[in-house]
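Okay, structure first, notes after.
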Amino acid sequence: MKKTVFLGALTVASLAAGASAAATLDDVKARGKLNCGVTTGLVGFAAPDANGKWEGFDVGICRAVAAAVLGDANAVEFVPTTGKTRFTALASGEVDLLARNTTWTLSRDVDLKFDFVGVNYYDGQGFLVSKEMGVSSAKDLDGATVCIQTGTTTELNLADFFRANNISYEPVPIETNAEGQQQYLAGACDTYTTDASGLAATRATFEDPSAHVVLPEIISKEPLGPLVRHGDNEWGDIVRWTLNALISAEELGITSTNIGELSAAAGDNPEINRMLGTEGNLGEMLGLDADWAKRAIMAGGNYGELFAKNIGESTPIALARGLNAQWKDGGLIYSPPFR
């Protein structure tokens, strides 16, 4: 078992090393579109609408990068990936960027040879149960059957939590969120465990969401963010600073509605001027033009706008900002300065 895992990691790392030899920015420009790896479908984060158009919080990252690089937020090929296939898709070069609920860990960063460019959602693992079970704590789940997505950190977190609390469980392996939802609703498992944000998104799709509850325990740290391959620092910089532009735009009061006015001419705030290209040469440093950040923000709005319209409290998912509030508001969302 350990040998199989080691060889799997070695294969992914070898693929990543080979794929990174080429300049991703050149490939994306030559192709005329960004290949972005996303989840197979998680409402609010990444899912196709009734017309097949991909929408969601993570989708917004893909579109912002495409707008910054190609000048077109729609120049994206969305590639659905599972917990098992996502890393191979990135390592092999099938996708240029992975923007799906993926946790930043040491082994994924160092051993699998990926670069996490930042955190776009601070999360933690939770448990979803039916109210009919009468369970108020995850510690009451002794002997439960648990739907668990394979190839994820949630497998290890689950084992650690149950062992630490001296309780037992029976895993019900699944590969996608859709399968997990189906199995849970069919009664194949007593509880479904994944990132708490994913549980909220899943519950929002139920016929009667109020009949189900996310238990209070958060059993892990799950910093989720976009990632690219090691070895192509120029591409990593572009994706990193595109995410930072969305975060800084919210902090600085730049929105999708006022950005036209703010970028028309240099104003009184030097950092806004530098970000929007009315002074300085930050775009040139990235190998892009002066309007790259303006286009990224216009693609779907700043970080706060993306959050509010896809997963915020006014949506069926109803997630509060919490840890994902700006640092000035007591959260952890923070961008280095545009200087």
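Bear in mind that the values in this text are calculations on the coordinates, not laboratory data. As the structure is a computational prediction, the values presented were derived from the model and not from experiment. In this analysis, Cβ positions are derived from the backbone assuming ideal geometry, glycine residues included, and neighbour counts consider all displayed protein chains.
Plugging the Kirkwood radius over Cα pairs into Stokes-Einstein for segment 167-302, at a temperature of 25 °C and a viscosity of 0.890 mPa s, what D comes out in µm²/s?
132 µm²/s
Can you list the equivalent-ellipsoid semi-axes of segment 102-259, largest first and in whole Å, using the square root of 5 times each Cα gyration tensor eigenvalue?
Those come to 33, 20, 13 Å.
Under 19 Å from the Cα of LYS84, which aspartates and glutamates turn up, not counting those fewer than eight places away in the same chain?
Within the straight-line limit of under 19 Å, LYS84 reaches these aspartates and glutamates: ASP58, GLU94, ASP96, ASP109, ASP111, ASP115, GLU155, GLU175, GLU179, ASP195, GLU222.
Mind checking the angle between helix 153-164 and the chain's longest principal axis? C-alpha axes, 0 to 90 degrees, to the nearest 10.
With both axes taken from Cα atoms, the answer is about 40 degrees.
If each of ALA159 and LYS131 carries a label point 7 Å out from its Cα toward its Cβ, how far apart are those two points in nm?
Inter-label distance under the simple model: 3.6 nm.
Looking only at segment 124-221, where both bridge partners belong to it, what percent of the DSSP beta bridges are antiparallel (to the nearest 5)?
Of all bridge pairs located within segment 124-221, approximately 45 percent are antiparallel.
Specify the angular offset, from 0 to 90 degrees and rounded to the nearest 10, of the alpha carbon long axis of helix 2-19 from the longest principal axis of the alpha carbons in the chain.
For helix 2-19, the angle is close to 10 degrees.
FRET efficiency for GLU207 and THR150, Cβ-Cβ distance as r, R0 = 35 Å, nearest 0.05?
In this case the efficiency is close to 0.80.
Taking H placed 1.01 Å from N in the peptide plane, check which residues at least 5 places from TYR121 or on another chain put their amide H under 5 Å from its amide H.
LEU224
So what are the three principal axis dimensions of the chain from its Cα atoms, in whole Å, longest to shortest?
The Cα atoms of the chain stretch 63, 44, 38 Å along their principal axes.
Given labels modelled 7 Å from the Cα in the Cβ direction, how far is it in nm from ASN233 to ASP289?
Result for the modelled spin labels: 2.8 nm.
Please work out the FRET efficiency for the pair ILE218 and ALA266, using the Cβ-Cβ distance as r and a Förster radius of 35 Å; give the result to the nearest 0.05.
My answer for the efficiency is 0.20.
TYR169's amide H: which non-local residues (gap 5+, or another chain) put their own amide H closer than 5 Å, with H modeled 1.01 Å from N in plane and none for Pro or chain starts?
GLY143
Taking amide H positions as placed 1.01 Å from N in the peptide plane, with prolines and chain starts having none, which residues 5 or more places from LEU42, or on another chain, fall under 5 Å of its amide H?
When sequence neighbours closer than 5 places are left aside, the close amide H contacts are ALA47.
Residue-wise, which Karplus ³J(HN,Hα) couplings in Hz belong to segment 113-129, taking 6.51 cos²θ - 1.76 cosθ + 1.60, θ = phi - 60°, and x for glycine or proline?
Residue by residue, segment 113-129 yields 6, 10, 10, 7, 8, x, 10, 9, 7, 8, 10, x, 7, x, 10, 10, 9 Hz.
Tell me, what ³J(HN,Hα) does each residue in segment 49-61 have, in order and in whole Hz, if you take phi through Karplus 6.51 cos²θ - 1.76 cosθ + 1.60 with θ = phi - 60° and put x for Gly and Pro?
7, 4, 9, x, 8, 6, 9, x, 4, 6, 4, x, 5
For segment 241-339, take the alpha-carbon Rg, divide it by the Kirkwood Rh, and send me Rg/Rh.
So for segment 241-339, dividing Rg by the Kirkwood Rh gives 0.99.
Whole-Hz ³J(HN,Hα) for each residue in segment 204-218, computed from phi via Karplus 6.51 cos²θ - 1.76 cosθ + 1.60 with θ = phi - 60°, x for glycine and proline: what do you get?
Values per residue, Gly and Pro as x: 5, 8, 5, 4, 9, x, 5, 7, 10, 9, 8, 5, x, 5, 10 Hz.
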